């Protein structure tokens, strides 16, 4: 069976503008929040997520943008008892500009799911920045 992961170039992504915004809680230059959130998405997918490529690019001299494509296999709602899977293609984008962060999720409901992790003291995200929206 062929690999169903597609390569996504940054000029191919045209998301709606609905993002989570945050401010870093420390002055650290490096920020691994994108990788932490990618791991949370994997854990939330119950093994049905396949992570594709990650693009890292500069936002002028101000910061960076990271784009990770992924696919989700889901059973169609009409296929009760059948071993059928639909393949959905999604993208997760994070912007790290100076002391500010923004996150976009193409998958419906993921913005709200990930928002619940912010502020939890047992989650690494809590120590890196505060959610502002």
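The values are calculated or read from the model by the stated rules, or taken from the named source; none is laboratory data. From a predicted model like this one, the values you see are computed outputs, not experimental measurements. Please note: Cβ atoms are built from the backbone with ideal geometry, for glycine as well, and neighbour counts cover all protein chains shown.
Just to be sure before I move on: is residue 129 surrounded by 14 or more Cβ atoms within 10 Å (Cβ to Cβ) and modelled with pLDDT under 90 in the structure I sent? Step through it out loud before you land on a result.
Values: surrounded by 14 or more Cβ atoms within 10 Å (Cβ to Cβ): yes; modelled with pLDDT under 90: yes.
For residue 129, the condition - surrounded by 14 or more Cβ atoms within 10 Å (Cβ to Cβ) and modelled with pLDDT under 90 - is met.
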Quiz item: Since residue 87 meets every condition but one in (1) under 13 Å from residue 22 (Cβ atoms); (2) modelled with pLDDT of 90 or more; (3) loosely packed, with under 13 Cβ neighbours inside 10 Å, which condition does it not meet?
Solution: (1)
Quiz item: Could you say whether any residue in segment 113-125 is loosely packed, with under 13 Cβ neighbours inside 10 Å, at negative phi and modelled with pLDDT of 85 or more?
Solution: no
Quiz item: Taking strands (runs of 3 or more DSSP E) that fall entirely within segment 43-116, which contain at least 3 residues that are free of Cβ contacts under 8 Å to residues at least 60 places away in the same chain and under 20 Å from residue 7 (Cβ atoms)?
Solution: 49-59, 63-74, 86-97
Quiz item: With respect to the numbered conditions (1) at pLDDT 75 or above; (2) under 18 Å from the mean Cα position of the chain (by Cα); (3) part of a loop (DSSP other than H, G, I, E, B), which one is the sole condition not fulfilled by residue 16?
Solution: (1)
